[in-house]
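The values are calculated or read from the model by the stated rules, or taken from the named source; none is laboratory data. Here the structure is a predicted model, which is why all the values come from computation and not from measurement. Counting neighbours? That spans all protein chains shown, and the Cβs are built from the backbone with ideal geometry, glycine included.
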Amino acid sequence: MPGDESATQGTTTVLRADWVLTVDARDRVLADGAVAVADGALVAVGPADEVLAAHPGAEVEHLRGHALLPGLVNAHTHFGMTMFRGYADDRDLQDFLGVVIPAEERVLDPDRVRLATRAAAVESVLAGVTTALDMYFFHADGTAGADEVGMRLQTGQLVVDVPGPEGWTWEQRLEGAEQWLAGRPARPGWRPVVAPHSTYAVSPEHLAAVADLAARHDAAVHVHASESAGELDLVASLHGRRPLQVLDDVGLLRPGTVLAHAVWLDDDEVARVASTGTAVAHCPASNLKLASGVARVPELLAAGAVVGIGTDGPASSNDLDMFVALRLAALLHKGAAPSATAGTAAGAAALPAAQVLRMATAGGAAAVGLGADVGALEVGRRADLLAVDLDQPHTQPVFDPVSTVVYAAGRGDVRHVWVEGRPVVRDGSTVRVARDEVVADLRALQRAVDPR
Ligand SMILES: [Zn+2]
């Protein structure tokens, strides 16, 4: 988590840009807009002349040719898996896990997870991601790595029934979760998290204990669910039920629960997810690469479900590029529209650019329990934002900056990123942890994973 010290303490900074994409309740897009930042929060958002007039003593940064937008929220990932990027490609989920889990057992330790997570945080902030919902072993060490970069990592105890790389008993794991939640209560920009892996890696009895723990601490619950057809078969053989039924039976379909993937939902489950306020983290790159299937995102959105976008871990996606993930989401659901609309105007209208940008920002923030804190440029929210340079051959002309960001821009166009009003990327370079340093770390981690 970003620390408490703030470079903007006591001073007000105005960021002015050619376009401000607020992703607020009215989806306002301001041409020649500005935001004012003080003490890590947004204190004004509006037309540049109005914001400048209201803050005469402010430091002003004029971002010509840029769009300012809320920091992207990666709603499902495993940052520590950067060390396994490219290690198990072109396999389905069960095959992938069969390769990766033994490698994790052999390789993971606290310092390696810290370094791998730090590298993932550098990759992420360079791509405009300011918040990520993470799930991995040694979460406290991963958090330390993300803190060095200045990124907002929402993470907590990973709960599985096996001892895992820590060699923990179930009781130790639950105690670890309790201590983490008790030690880090909710505050603006942070919601405590517990992460039971899935209904195939955690028994229903243990999931019920996690549900009780989460309710007592008002914690977000981060869980994989209904990712593949194989998972449905496995859970049916273990528990005689579908994954969502197992979660429903222990009270885990509720606001604050984030279902990673949720590809294989039937009609009743789509309705149940929406009516219970359960969120979904849609991971189009991972779902395509692992041939898991196509999530029913248009139906979930139509039912009123909270949906964010995630990359999944860098061993299965294989990068942490939210620009790719959000563009894939926009394109995939047009082409994969139900047969009644495929090839029609209704199919092409599925998941328009503004809706996808909302999923990658405000939707993700709401999913991870930070819906009032980040994800939109609105007065009172934390000042997490990025500036994208749209003065590029591949981004001009700009008729609609939202469309340009979604369909034409990429992570290489991210020039500046702020978390809590403090710069974490300036002119395309990280401020706190050098890019070269994490590249060297990743090379060393590769030798640990595979010493050949
Ligand atoms: Zn995952």
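Computed values, structure above
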quantity	calculated
Enumeration of residues in region 131-184 that are in contact with a Ser or Thr (Cβ under 8 Å, 6 or more places away or on another chain) and in a strand (DSSP E or B)	A132, L133, D134, R152, L153, Q154
Unique residue being on the phi < 0 side of the Ramachandran plot, assigned to a loop (DSSP other than H, G, I, E, B) and within 14 Å of the ligand (Cβ to nearest atom) when the list is A195, A201	A201
Residue within region 60-69 that is within 16 Å of the ligand (Cβ to nearest atom), closer than 30 Å to G310 by Cβ and assigned to a strand (DSSP E or B) present	no
Residues (over 18 Å from T361 (Cα atoms), touching a helix residue (DSSP H, G or I) at 6+ places or on another chain (Cβ under 9 Å) and either among the acidic types (D, E) or touching a residue at least 24 places away in the same chain (Cβ under 8 Å) (or both)) located in region 16-42	R16, A17, D18, D32, G33, A36
Filter pass, S226 being on the phi > 0 side of the Ramachandran plot and not assigned by TED's automatic domain parsing to the domain that holds W418	yes
Every residue from region 378-397 that is assigned to a loop (DSSP other than H, G, I, E, B), in contact with a helix residue (DSSP H, G or I) (Cβ under 7 Å, 6 or more places away or on another chain) and surrounded by fewer than 22 Cβ atoms within 10 Å (Cβ to Cβ)	Q392, T395
From L68, L115, residue being buried (at least 23 other Cβ atoms within 10 Å of the Cβ) and farther than 30 Å from V356 by Cα	L115
So R415, is it outside the structural domain of D39 (by TED's automatic domain parsing) and either in a loop (DSSP other than H, G, I, E, B) or not polar (S, T, N, Q) (or both)	no
The listed residue being under 19 Å from the mean Cα position of the chain (by Cα), more than 12 Å from the ligand (Cβ to nearest atom), in the same structural domain as M359 (by TED's automatic domain parsing) and on the phi < 0 side of the Ramachandran plot, out of A315, A271, A279	A279
Any hit, region 41-56, residues being within 24 Å of the chain's Cα centre (by Cα), modelled with pLDDT of 95 or more, not in a helix (DSSP H, G or I) and not assigned by TED's automatic domain parsing to the domain that holds L320	yes
Candidates D90, D109 - the one that is at pLDDT below 95, away from the ligand (no atom under 16 Å from the Cβ) and outside the structural domain of R26 (by TED's automatic domain parsing)	D90
Leading residue by the ranking (farthest from G310 (Cα to Cα)) among those in region 212-234 that are of a type outside the set (D, E) and more than 16 Å from the ligand (Cβ to nearest atom)	R216
Pairs where the first residue, in region 182-195, is farther than 18 Å from G371 by Cα and the second is in a strand (DSSP E or B) and aromatic (F, W, Y), C-beta under 8 Å, 6+ apart	R184/W190
Residue ID - surrounded by the fewest Cβ atoms within 10 Å (Cβ to Cβ), chosen from residues in region 235-264 that are within 16 Å of the ligand (Cβ to nearest atom) and assigned to a loop (DSSP other than H, G, I, E, B)	W264
Check on P352, more than 30 Å from D89 (Cβ to Cβ), touching a helix residue (DSSP H, G or I) at 6+ places or on another chain (Cβ under 8 Å) and surrounded by fewer than 21 Cβ atoms within 10 Å (Cβ to Cβ)	yes
Among (1) within 24 Å of D92 (Cα to Cα); (2) crowded, with 17+ Cβ neighbours inside 10 Å; (3) in contact (Cβ under 8 Å) with a residue 60 or more places away in the chain; (4) out of contact with any Asp or Glu (no Cβ under 8 Å at 6 or more places or on another chain), the one test that R296 misses	(3)
